[in-house]
Amino acid sequence: MKRLILVTSPPACGKTYISKKLAENLKHVVYLDKDTLIPLSKVIFEVAGEPYNRSSDFFKKYIRDVEYVTILELACEALKYDDIVLINAPFTQEVRDSAYINALKKRLVQMNTKLTVIWVQTDVEVCKQRMLARGSDRDTWKVEHWDEYVQGVNFDIPAALDDPDVLDDLLIFYNSGDEEYNESMHRILDIIENS
């Protein structure tokens with residue numbers, strides 16, 4: 001059976017680093033990063049005469065969902081040719097929407113593919129430090145309005161995704177320090193490779 005892996009969490013939890021390390025260690029994997037679509041999104045802001053702000057109402061209304069549709073279509077296309085597709089993207093709303101997840105699972109069953117969600121759990125203060133350290137323009141508004149930004153983000157594990165009878169539907173990758181990271185990487189690779 002094939003597998004679609006969604007590596008998810010709010011921004012600056014360590015998704016990209018973790019996703020790349022998982023992809024390096026898995027066999028027959030296609031790595032996709034939703035951030036690859038950012039140059040296209042920037043053009044949409046520019047053409048619309050809107051300031052570049054990935055937290056804006058404009059982004060949420062016209063761009064956000066299209067990015068997710070696009071990255072999932074790319075993933076489903078890639079699954080025709082390889083065994084595992086790993087998507088690095090927040091999916092923060094989607095993993096809490098049971099109708100969305102059930103529809104995705106139904107689609108994947110038709111492709112002989114199972115869904116694994118890896119939630120990266122990181123302390124909020126560690127996220128802020130990482131965001132400051134990376135100095136990306138996509139984080140400017142978030143950093144400048146940190147308290148407002150954090151109030152609008154759910155850092156809780158999406159526990160509703162977890163079926164206790166399924167070992168590999170929701171995997172938690174703890175990533176607030178090196179020891180947590182190493183334990184989580186070993187544990188999750190073992191589960192994916194052996195289930």
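Quick one: what pairs do we get from region 39-63, first residue modelled with pLDDT of 95 or more, second among the small types (Gly, Ala, Ser), C-beta under 9 Å, 6+ apart or different chains? Close Cβ pairs satisfying both conditions: Phe45/Ser56; Glu50/Ser56; Phe58/Ala48; Phe59/Ser41; Tyr62/Ala48; Ile63/Ser41.
Across region 75-120, the number of residues qualifying as over 13 Å from Val29 (Cβ atoms), surrounded by 14 or more Cβ atoms within 10 Å (Cβ to Cβ) and either acidic (Asp, Glu) or without any contact (Cβ under 8 Å) to a residue 24 or more places away in the chain (or both) comes to 4.
Applying the condition of being among the aliphatic types (A, V, I, L, M) and part of a loop (DSSP other than H, G, I, E, B) to region 154-195 and asking which residue is most open to solvent (accessible area, probe 1.4 Å) yields Leu167.
Going through region 17-47 one residue at a time, which ones are open to solvent by 50 Å² or more (accessible area, probe 1.4 Å) and more than 30 Å from Gln110 (Cβ to Cβ)? Scanning region 17-47 gives Tyr17, Lys21, Pro39, Lys42, Val43, Ile44, Glu46, Val47. Scan region 140-147 and give yes if some residue there is open to solvent by 20 Å² or more (accessible area, probe 1.4 Å), among the aliphatic types (A, V, I, L, M) and either in contact with a Phe, Trp or Tyr (Cβ under 9 Å, 6 or more places away or on another chain) or in a helix (DSSP H, G or I) (or both), otherwise no. Within region 140-147 (the criterion being open to solvent by 20 Å² or more (accessible area, probe 1.4 Å), among the aliphatic types (A, V, I, L, M) and either in contact with a Phe, Trp or Tyr (Cβ under 9 Å, 6 or more places away or on another chain) or in a helix (DSSP H, G or I) (or both)), the answer is yes, since at least one residue qualifies.
Filtering region 22-60 to residues that are outside any loop (DSSP other than H, G, I, E, B) and among the aliphatic types (A, V, I, L, M) leaves Leu22, Ala23, Val29, Val30, Leu32, Leu37, Ile38, Leu40, Val43, Ile44, Val47, Ala48.
Quick one: how many residues across region 61-86 are under 22 Å from Leu4 (Cα atoms) and assigned to a loop (DSSP other than H, G, I, E, B)? Spell out the reasoning first.
Looking only at region 61-86, we keep the residues that are under 22 Å from Leu4 (Cα atoms), and these are 64-86.
Narrowing further to those that are assigned to a loop (DSSP other than H, G, I, E, B): 79-83.
Of the residues in that region, 5 qualify.
Restricting the first member to region 146-167 and to residues that are more than 21 Å from Arg54 (Cα to Cα), and the second to residues that are part of a loop (DSSP other than H, G, I, E, B) and of a type in the set (Gly, Ala, Ser), the beta-carbon pairs closer than 8 Å and six or more apart or on different chains are Leu167/Ser195.
The values are calculated or read from the model by the stated rules, or taken from the named source; none is laboratory data. The model shown is predicted, which means the values in this text are computed figures rather than measured ones. Here the Cβ is made from the backbone with ideal geometry for all residues, glycine too, and neighbour counts use every protein chain on show. Heavy atoms of the whole protein, side chains included, go into the accessibility calculation; ligands, DNA and RNA do not. Shrake-Rupley method; radii C 1.70, N 1.55, O 1.52, S 1.80 Å.
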